[in-house]
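See below for the structure under consideration.
The values are calculated or read from the model by the stated rules, or taken from the named source; none is laboratory data. Note that the coordinates shown come from a computational prediction; the quantities given were computed from them, not determined experimentally. Glycine also receives a Cβ, built like all others from the backbone with ideal geometry; neighbour counts cover every protein chain displayed. In case anyone asks, the SASA skips ligands and DNA or RNA and just uses the protein heavy atoms, side chains included. Shrake-Rupley method; radii C 1.70, N 1.55, O 1.52, S 1.80 Å.
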Amino acid sequence: MTEKDKKKITEALGIPEPDRKKEFAEEFAKRSEGVQKKPIKPIIMRITAAAAMLAVCIGALTLFPKHKTDFGGDDNIEVIETTTYQSVDGAIHSVPHTTSPTNTEGGVIVTTAAKTSGKTVTAVTTMQNGTTKGPASQRTTAAKTTEGRDESRTTTADHHETDVTTAEPIVQDPPVTAAPPRDLTVSPDVTYTVRDNTITEEELLTGEGSDGIGIPPRGEGDPPISPNDQKIQHMFDISYAVILAKVDKIVYTSIDRQAVTAEDITVEAAYGGSLNTGDRLTVFLRGGYMPAEEYMKYNRRAHIDNAEDYSVYISAGCRMAQEEGESYIFFVSDDDSGLPDGAFSPAEDGYCSVFIKRNGKYISLAGEELSFTEEQLSRLQRQ
Amino acid sequence: MSLDINEQYDKIYRYCFLRVRHKETAEDLTQETFLRYLEHPQYHSEDKTLQLLYTIAGNLCTDEFRKIKPSEISETASDGKDIEDNILSDVQLKQVLDSLSDEDREIVLLRFVNEVPVNVIAKLYNISRFALNRRLNRILGSLREHLGKEELI
């Protein structure tokens, strides 16, 4: 609004100019200095308390006993191997052996269970992450059987330079992946279903008919649309995020007696801001459907017979109805004042902030006057 | 955030005058508002600072309004100078503004003249942004019609 318009309104409201502004401003400036020069004591106390807290935390972290894994000392390593075999009589016998590897250094011994294949019994002993000065050796004891059978035992040393096939793979750190998608959706307390009979707000208030449900043409009460590039740049600057998202679910509700549409959307691509691909969120937009009898309760000028059979459609500036399953560009704000906690709202009021792709460019649902191309979007994203 | 007294004084004064309709009282309340503001902790956010100022001003005006007798309201509503100004100013616009409720007039002043952010006004009047925007659009439609401009925001 221009200064001239502001002055017109001020005069129309009958507000005279103040007389004592200048002298009060001087007094206020002096008093402000006094306030700013308050005793330092509280500030010093706060800083000191913060520093003391920090020191306590650091001390706790450094003095906290750390768990150390003891890899050293041959004496500490004892391997028990169990050989399992099936004798001729069918009975399963197991013969435990205790072995101590020699000439090892800092290794971890892993023993796998014995495997029986036919009459062959194999046990694998693997030493991981260690080095050996010589081949690890084990004493083996032949099992006692009624019949001769084959028995073999394999011992391998796993150096970090050599590749050794082991029965248990070495666990490695999982590869770094992108942050998992988040579910940020919220549910409104009240929801409305759309009745078979619908009527637009305009029809209800003016009593004039229109074709079908119809979206009313642009009228005097609608906000003007300023030049394209400036508007798009401005929306990009003020948005919490700019996303391409698919509408999963559309729910009609109301807040403070105003019709509101809640849309659960899934981010397909992010062009700026703090939302990631795969995130799910709920955007609340003005307008939608509400039961006619409820609408009439808050709008006394409205009247229709058999109101319980009708839903009223409030466009709130929307010229192209949204559909579930379609994708749109959203400029969203995380300002949820007046909305359920965690909800998102359009960055600019109304459907100026929602765009659909048509004929190679993105058109605002508030009207084709506001649009941008892929190239413009890429340029804004790079800035 | 440091307060620009030169900018905010006029705005708070206009708001107080609209509430109490008396010039001297409005100035007293404006100054009282700023003095009480100094007693509060300073906010870094401009929105919170504005919200605090208008809350203090609103409470002072409410207290003052309760003190004013009904007979005094009509006497102080306008004097001879105001009547002349009314004749010279846009009569139609004045009629539109007079037809608004008190709260709507305050909202017009706060939003369009004082340029207070929408979220601050919504919190002051304890309504949602949606309800406030709807109200503003309705008022704007009427104002635009009488100011005769399409690009009025």
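Observations on the structure shown:
- Count of the stretch A:346-361 residues, restricted to those that are among the aliphatic types (A, V, I, L, M) and either modelled with pLDDT under 80 or part of a loop (DSSP other than H, G, I, E, B) (or both), is 1.
- The numbered conditions (1) within 14 Å of another protein chain (Cβ to nearest Cβ); (2) open to solvent by 50 Å² or more (accessible area, probe 1.4 Å) are all true for A:D305 except (1).
- Qualifying residue in the stretch A:264-284 (condition: touching a Phe, Trp or Tyr at 6+ places or on another chain (Cβ under 9 Å) and among the charged types (D, E, K, R)): no
- Residue count, the stretch B:106-122 (criterion: facing chain A (nearest Cβ under 7 Å) and touching a residue at least 40 places away in the same chain (Cβ under 8 Å)): 3
- Residues of the stretch A:364-383 classified as more than 27 Å from the chain's Cα centre (by Cα) and within 18 Å of A:G317 (Cβ to Cβ), total: 6
- Members of the stretch A:253-282 found to be in contact with a Ser or Thr (Cβ under 7 Å, 6 or more places away or on another chain) and within 14 Å of another protein chain (Cβ to nearest Cβ), listed by number: A:T253, A:I255, A:D256, A:V260, A:A262
- Applying the criterion of being closer than 20 Å to B:R14 by Cβ and within 9 Å of chain A (Cβ to nearest Cβ) to the residues of the stretch B:123-141, the residue that is least open to solvent (accessible area, probe 1.4 Å) is B:L132.
- Evaluated against (1) of a type outside the set (V, I, T); (2) within 14 Å of chain B (Cβ to nearest Cβ); (3) in a strand (DSSP E or B), A:D248 falls short on exactly one condition, (2).
- Screening the stretch A:318-351 for residues that are touching a Leu at 6+ places or on another chain (Cβ under 9 Å) and open to solvent by 20 Å² or more (accessible area, probe 1.4 Å) and picking the one that is nearest to the other protein chains (Cβ to nearest Cβ) gives A:G338.
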